[in-house]
Amino acid sequence: MQKIILASQSPRRKQLLEWAAVPFEIIVKETKEDFPPHLAIEEIPIHIARQKALAVQSLVPEGIVTLAADTVVVLEDRVIGKPVHREEAVSMLLALAGQVHRVITGVVLKQGEKEISFSDITEVAFHPLTLEQIEFYVDQYKPYDKAGAYAIQEWIGVVGIRYINGDFYNVMGLPVSRVLQALSNW
């Protein structure tokens, strides 16, 4: 497989590409993670991923594919972003506890003018969680860089997730198998 550029600082996306034996280099440029209010929820992470890909496009050698992704958590049609501080993380997890929510990752593959984009949706159900469990998780793992204030592969996923319907790796931040399929059809 030809080397790609990963336009993401996410250690989880880096790890997933390493596990999949995809040769890549990381190039990132600070971008805003905002979006127009009229976008459908499934389009929001694609829009943000596209902004990340466009931000680094001038830094990417010609002929190399750029991969950008963004993940959002959606509870009852409300997008839950990344928490800013402890209280917000605890509040987010209290809202998710005992509920079913969707994790949507938008992916953009870009090479010059050519682009493939898609979103992948995974349904996640949490067991009811106590405030003590939530505070333990937030204090131990500090999930401030994670949509919905959690990582499925950490303690809270092990003890708190009742079931998932869809791609586990999508919840980690990248639907790797779909990315590989798209790259193989490039």
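The values are calculated or read from the model by the stated rules, or taken from the named source; none is laboratory data. Computed from a prediction, not measured in an experiment: that's the story for all the values here. Positions of Cβ are backbone-derived with ideal geometry, glycine not excepted, and every protein chain shown enters the neighbour counts.
Residues in region 33-43 that are touching a residue at least 60 places away in the same chain (Cβ under 8 Å), closer than 18 Å to K110 by Cβ and within 13 Å of the chain's Cα centre (by Cα): none.
The selection criterion, being under 30 Å from Q2 (Cβ atoms), in contact with a Pro (Cβ under 7 Å, 6 or more places away or on another chain), of a type in the set (V, I, T) and modelled with pLDDT of 95 or more, does not hold for T122.
Is it the case that some residue within region 68-82 is in contact with a Leu (Cβ under 6 Å, 6 or more places away or on another chain) and among the hydrophobic types (A, V, I, L, M, F, W, C)? The answer is yes, given that some residue of region 68-82 is in contact with a Leu (Cβ under 6 Å, 6 or more places away or on another chain) and among the hydrophobic types (A, V, I, L, M, F, W, C). Applying the criterion of being over 13 Å from the mean Cα position of the chain (by Cα) and not in a loop (DSSP other than H, G, I, E, B) to the residues of region 63-78, the residue that is nearest to R50 (Cα to Cα) is T66. Among residues of region 18-31 that are part of a helix (DSSP H, G or I), those with a beta-carbon under 9 Å from a residue that is surrounded by 14 or more Cβ atoms within 10 Å (Cβ to Cβ) and among the hydrophobic types (A, V, I, L, M, F, W, C) at least six positions away or on a different chain give the pairs E18/F24; W19/V176. Looking at region 134-154, can you tell me whether even one residue there is under 30 Å from Q2 (Cβ atoms), assigned to a helix (DSSP H, G or I) and within 17 Å of the chain's Cα centre (by Cα)? Checking region 134-154: at least one residue is under 30 Å from Q2 (Cβ atoms), assigned to a helix (DSSP H, G or I) and within 17 Å of the chain's Cα centre (by Cα).
If you check I116 against the conditions, is it part of a strand (DSSP E or B) and at pLDDT 95 or above? Spelling it out, I116 is indeed part of a strand (DSSP E or B) and at pLDDT 95 or above.
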